[in-house]
Every structure is written in structure tokens, then in C-alpha cells.
Amino acid sequence: MSDALARPAAQQPVWPDPDALRTALGVLRTAPPLVTAAETDRLRGRLASVARGEALLLQSGDCAETFAGNTESHLNATLRCLLQMAGVLERHGGLPVVTVGRVAGQYAKPRSSPTDALGLPAYRGDIVNSFEPDPAARTADPQRMVLAHAQAALAMNHVRALGRSGEEVFSSHEAMLLDYEQALLRAGVDSGAGPLYSGSAHFLWIGERTRQLDGAHIGFAELLANPVGLKVGPGTTPGEVVEYARRLDPDRTPGRLTLISRMGRRHVREVLPALVEAVRAAGHPVVWSCDPMHGNTRESPSGYKTRLLADVLDEIKGFFEVHERLGTHPGGLHLEATGEDVTECLDGASAQDDAPLVARYDTLCDPRLNGQQAQVVAEFAADLVRRHHRRHHRQGRNHRAEAAHQWDDSSVRRSG
Ligand code: PEP
Ligand code: MN
């Protein structure tokens, strides 16, 4: 274990106080896990049905959860939005949906620069430092990891309570902060030997900025028994993606690996096909999911980080076109969305009129779809799912008829 984690780790904070770090990690190592191995195994099984083309994965929530935002009303908004989208996809798309929140632990953020516009250390998420633009508040504080665990436990309790009355919602976050993730590793049923489970969430993914093949994040993901995700951006090559699949899905286990394509609308049609083909040729039964958010981020004229709904829809359309052409399953969607009435993404196809953004721009990180925009995305995707499924179902029927016919022939031959 120490081997994998001794590799270079991108995007980690510098903790200035080693004693405080030791204390915090000691607490986390002995703390109760937030999820159970049985729940995690159940998610893996449900993702296997997505890999087989029999279900869809829907993953959604905040870009960055915050401690202050860990309220009943905000969690309800995240879950309501997720479950409403899932309802649309099930009813209009015609496939069961596996619901996974970016929730109960999505507290660590990778940053493009170590410092912000004011020259202060960058905000790395509430699990590391404070958003408040002040040098002391921006200092990495290990005690925040202990607080993050406690906040995530409160959130998970609420997620479970809501799930009990209907659909089970699984938890997920980016496996970014390796000190935290490592301290929350737990043995499975028979402690001792066997694979390790994350005690921090059911599903963890590795982000675009920390997926170095020789880095600690991929090494960490290799250790896990959990289903894992990997973000793949437009710079990914077919050779790389096969190497990721070999490393993260060595036993070719359906549901183990979800590849989350985040190409941007301009690249998805050109870059994704060769990746899908290479993974299929290598025989890995992965889930392909579409993140139409992170490749489509732009700065509006007045300086807001935003996304256009039209770009989001176009990337989803491109993702479905690719899978249509290759006969593979467009398995899922990965969104940043909230049921709250925020104004962070723009409804139209142009960023020129960005006045609406000022009304309620709440996010500390990336812009989220609001409830209405998420509904539009769900209806759009459901329509594509229904068409895709109808065509492939018809093809499937033809295959079955052909197979039955061959069987008839051979049985005739055998008996004759
Ligand atoms: C994210 O999901 O918030 C994120 C940072 O994504 P990516 O790694 O794809 O840029
Ligand atoms: Mn984000």
C-alpha cells in the first residue's frame, strides 16, 4: 500500500503543522466508516447492469460541497434534483437508473493554480482551507479533515433516510485528498487479507488533473474494492485508456470501472470513438459516462465562470452519436446540478448576455445547472436513450431471431 502511495501525488496541500496532521489522521483511522462494504458491493452489482447495457448511471451534485451548505434544505435540493432527473430517464428513457450523488464528501478540489488572483494560497475545498480571502484562513488545516468526515456522516445519514423511502442513493466524490482517503481505508468483511474498501464513499473517481499513470492517485484507486471512476479529457490517447483499464480493471469485472468522458462539445465526436473502440477491443466491460460540464466551462464577458446549456446538450448529443455508431452503450451522465434556483449556467446558446448570472451565483467552484436546466438535460438525454434503446432492441431481436434460426437448422440437421 505504501508503495502505491509513495508515488508522486499531484494537487496535495502542504500541511504546515505535522503534529496537527498526525492527530487528525489518528482520529480518521479509528473513526467509523461512512459506508459499508455490503452497500459498496451492491453498487458494483448495479453498475454491472449498466455495463451490460441494461441500466443507466446518473451521477449529480455540487462541484464543491461546503460545510456551511451541508443543510437539510440544500441536501434535499441535491437529492430532489437527482431523483427527478432519474424519474425522467426511467419513464421516458425506458431503463432503470442507478443514482449516485456527488454528495456526503465532495469537499476537496484540484486547482489550476496554487495561488488565486490576490496571490493568496488557492482555496482547495472546505476539507483543506477556507474560501475566505485571508492568509490565515487559506492555510491548510488538518483538523478540517476531521470536520469533513463528521459533516459527511451527517449528510450520509440524511441520504440514507431519504433512500429508505424509495430509491437508494449512493455517495461519491473525487478521490483527491490522499491523506484523508488513505486514513479511511477499511478492510472488507474478513479483516486482514483481501481488498480494501473506501470508508469515505461508495464510489470514488480520479480527476482529470490527477490521473498521471505513474502517480499516487491511480496507485490508490488500484488498491480499492470499490467501483471507481476515471475522468478522461480530450488529451487522452487510446493507448493510455487501455493502460488505465488494465490497471484499474485487471480482472475485467463488469461495473468496476466507469470511464467519464469530459471532452467538451467540440472534441467529443473526434476523440471519444477511438477510446471506446480501444477499450472494447481490450475486452474491458466498462461503463461509459458523459460529463458534459467540465469540457464546456468558459468565462462570461463580465468575468463569471459559466457554462451554456446549449453546449451541455450538444456534448451529450455527440456522446450518444459516438455510441450509436459503435453499437456500444451510452451508459451514464455525470452532472453538476442542484435543485436550487441558482443562476450559474446560461440557458441560451450565447454568453453575450450574462446579466442573469448576478442574480444568484452561489457556487464556490464550478457553475451548476439549476433544477429547471437539469430537467431540460434529463428530458433531452431520455429522448436519446429511448431512440438508442429502441434501435438496439430491434437489432437485438434480429440477432435473437437469427440465433434461434441457426439453432433450428442445427437441431434439424442433428435429428435428420
Ligand atoms: C470535477 O468533477 O469537479 C472536476 C474537477 O472535474 P475534472 O477532473 O473532470 O476537471
Ligand atoms: Mn467541477
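Read-outs throughout are calculated quantities, based only on the coordinates presented, and are distinct from any laboratory measurement. Quantities reported herein were computed from a predicted structural model and do not represent experimental measurements. Note that we place each Cβ from the backbone using ideal geometry, even for glycine, and neighbour counts take in every protein chain shown.
With +1 on each Lys and Arg Cβ and -1 on each Asp and Glu Cβ, how big is the dipole of segment 110-207 about its Cα centre, in debye rounded to the nearest 20?
So the magnitude is around 100 debye.
With angles folded into 0 to 90 degrees, how steeply does helix 268-281 sit against the dominant principal axis of the chain? Use alpha carbons for both and round to 10.
The answer is roughly 70 degrees.
Quick one: Ser112, Ser302, Ser49, Ser198, fewest Cβ neighbours within 10 Å first, how do they rank?
Ranking Ser112, Ser302, Ser49, Ser198 by Cβ neighbours within 10 Å, fewest first, gives Ser112, Ser302, Ser49, Ser198.
Asn76 to Ala6: FRET efficiency via 1/(1 + (r/R0)^6), r the Cβ-Cβ distance, R0 51 Å, to the nearest 0.05?
The computed FRET efficiency comes out at 0.75.
Angle check, please: helix 238-248 long axis (alpha carbons) against the longest principal axis of the chain (alpha carbons), in degrees 0 to 90, nearest 10.
80 degrees
Nearest 5 percent is fine: what portion of the DSSP beta bridges confined to the chain is antiparallel?
Expressed as a percentage, antiparallel bridges in the chain total about 15.
Using helices alone, I'd like the mean residue ellipticity at 222 nm for the chain: each DSSP H run of four-plus residues gives -39500 (n - 2.57), total over residue count, nearest 500.
Calculated at 222 nm, the ellipticity per residue is -13500 deg cm²/dmol.
Rank these for me by crowding, Val271, Val232, going from fewest to most other beta carbons within 10 Å.
Val271, Val232
Explain nothing, just the number: dipole magnitude of the chain about its Cα centre with +1 on each Lys and Arg Cβ and -1 on each Asp and Glu Cβ, in debye rounded to the nearest 20.
1360 debye
Return a whole-number percent for the relative contact order of the chain, with Cα pairs under 8 Å and 6 or more residues apart as the contact set.
Reported as a whole number, the value is 19 percent.
For the residues Leu259, Leu147, what sequence is obtained by ranking on other C-beta atoms within 10 Å, fewest first?
The order, fewest Cβ neighbours first, is Leu147, Leu259.
Name the residue, out of Arg269, Arg360, Arg307, whose mean-square fluctuation peaks in a Gaussian network model built on the chain with Cα pairs under 10 Å.
It is Arg360.
Return the single residue from Glu315, Glu168, Glu65 with maximal mean-square fluctuation; model: Gaussian network over the chain, springs between Cα atoms under 10 Å.
Top of the fluctuation ranking is Glu168.
Specify which residue in the list Leu47, Trp205, Leu25 is farthest towards the positive end of the charge dipole of the chain, using unit charges on the beta carbon of Lys, Arg (+1) and Asp, Glu (-1), about the Cα centre.
It is Leu47, whose Cα lies furthest towards the positive end.
With r defined as the distance between the Cβ atoms of Asp362 and Phe67 and R0 fixed at 22 Å, what FRET efficiency is calculated, to the nearest 0.05?
Once the sixth-power term is evaluated, E becomes 0.95.
Multiply the residue gap between Glu54 and Glu324 by 0.36 nm, knock off their C-alpha separation, and tell me the result in nm, one decimal place.
Gain on stretching Glu54 to Glu324: 95.7 nm.
Of Val189, Val97, Val35, which has the largest mean-square fluctuation in a 10 Å C-alpha GNM of the chain?
For the chain, modelled as a Gaussian network with Cα springs under 10 Å, the answer is Val189.
In sequence order, what are the phi-derived ³J(HN,Hα) couplings for segment 69-75 according to the Karplus relation 6.51 cos²θ - 1.76 cosθ + 1.60 with θ = phi - 60°, rounded to whole Hz, with x for glycine and proline?
Values per residue, Gly and Pro as x: x, 7, 10, 4, 5, 6, 4 Hz.
To the nearest 20 Debye, how big is the dipole of segment 31-102 about its Cα centre, given +1 on the beta carbon of each Lys and Arg and -1 on that of each Asp and Glu?
So the magnitude is around 220 debye.
First measure r as the distance between the Cβ atoms of Arg391 and Ser113, then evaluate 1/(1 + (r/R0)^6) with R0 = 45 Å and state the FRET efficiency to the nearest 0.05.
It comes out at approximately 0.50.
Distance in nm between label sites at Thr237 and Ala161, each 7 Å beyond Cα in the beta-carbon direction?
A separation of 5.2 nm, rounded to one decimal place.
Mind pulling the angle between the C-alpha long axis of helix 143-164 and the longest principal axis of the chain? Nearest 10 degrees, somewhere in 0 to 90.
Roughly 40 degrees, rounded to the nearest 10.
Compute the distance from the alpha-carbon center of segment 178-246 to that of segment 250-325, in whole Å.
19 Å
Rounded to whole Hz and in sequence order, give me ³J(HN,Hα) for segment 328-338 from the Karplus expression 6.51 cos²θ - 1.76 cosθ + 1.60, θ = phi - 60°, writing x for Gly and Pro.
Rounded to whole hertz, the list is 9, 8, x, x, x, 10, 10, 10, 10, 8, 9.
What Cys residues in the chain have no fellow cysteine's beta-carbon under 4.7 angstrom?
Cysteines lacking a close Cβ partner in the chain: Cys81, Cys290, Cys345.
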